[in-house]
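The values are calculated or read from the model by the stated rules, or taken from the named source; none is laboratory data. No experiment lies behind these values; they were computed from the predicted model shown. Note that we place each Cβ from the backbone using ideal geometry, even for glycine, and neighbour counts take in every protein chain shown. These accessible areas exclude ligands, DNA and RNA; they are computed on the full protein's heavy atoms, side chains included. Shrake-Rupley method; radii C 1.70, N 1.55, O 1.52, S 1.80 Å.
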Amino acid sequence: YIKDLNYSVGPKQTRCIVTETIEHYDTDGYINVVNTTQTPDVPSGNAFCVKTRYIMTWGKGNTTDLVISYWVHWIGSSWMKSIIEKSTKGGQESAAKALLDKIKEVLEENIQESTEEVSTAVKADEEEQEEQEKAELAGSPVETVLRSTSPITTILEGVSIFNVLVIVLLSLIVVLQF
């Protein structure tokens, strides 16, 4: 894809060659995706590539933890190394913010929060255990049941929210590249 550059000197745009590699995919454990981006049209563009790692794991309360890290992989030498690394840091920070904003937007548009009361006959031992669990969850950010209101619910029936978030994240990574 072509990316516009907002620099006072140098090229006004560059080609970005992107490769996505799923290095580990285990929805019960973690998912590790590495994005490699090359920008051959910028000064010293053939001397480096930027690698971004996205690691998704299960978080507390049936949530997904996302860790994003990056590094500049130097293939050759460049007198612009410090400028490139500084620009890369700024670009990665803005890309991560845009990605997280988009994930929140997609989730807000497609997930409705509601609560349900369920009445069951509970024995005294089970009531005590339930009270203990409630006390543990009192500080938890997840206190409601999430229900999808999207028409894709029937398509994704039986697919965990973790897998849905992975699909959304991978799709957004590709979309935000363009």
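Listed values, structure above:
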| item | result |
| --- | --- |
| Per-bin percent of Cα-Cα distances, the range 26-71 [10 Å] | 25, 36, 22, 13, 4 |
| Viscosity 0.890 mPa s, 25 °C: Kirkwood-radius Stokes-Einstein D of the range 34-98 over Cα pairs, µm²/s | 187 |
| Net +/- balance of residues flanking T88 in space, Cβ distance below 11 Å, scoring K and R +1, D and E -1 | +2 |
| The range 9-117, Cα convex hull volume normalised per residue, Å³ | 134 |
| Accessible-area composition of the range 1-119, carbon plus sulfur, in percent [1.4 Å probe] | 52 |
| Cα extents of the range 1-62 along the three principal axes, largest first (Å) | 48, 22, 17 |
| Spatially proximal lysines relative to K60 (Cα-Cα < 27 Å; intrachain offsets below 8 disregarded) | K97, K102, K104, K134 |
| Where L99, L5, L66 fall by accessible area, highest first, once all protein chains stay in place (1.4 Å) | L66, L5, L99 |
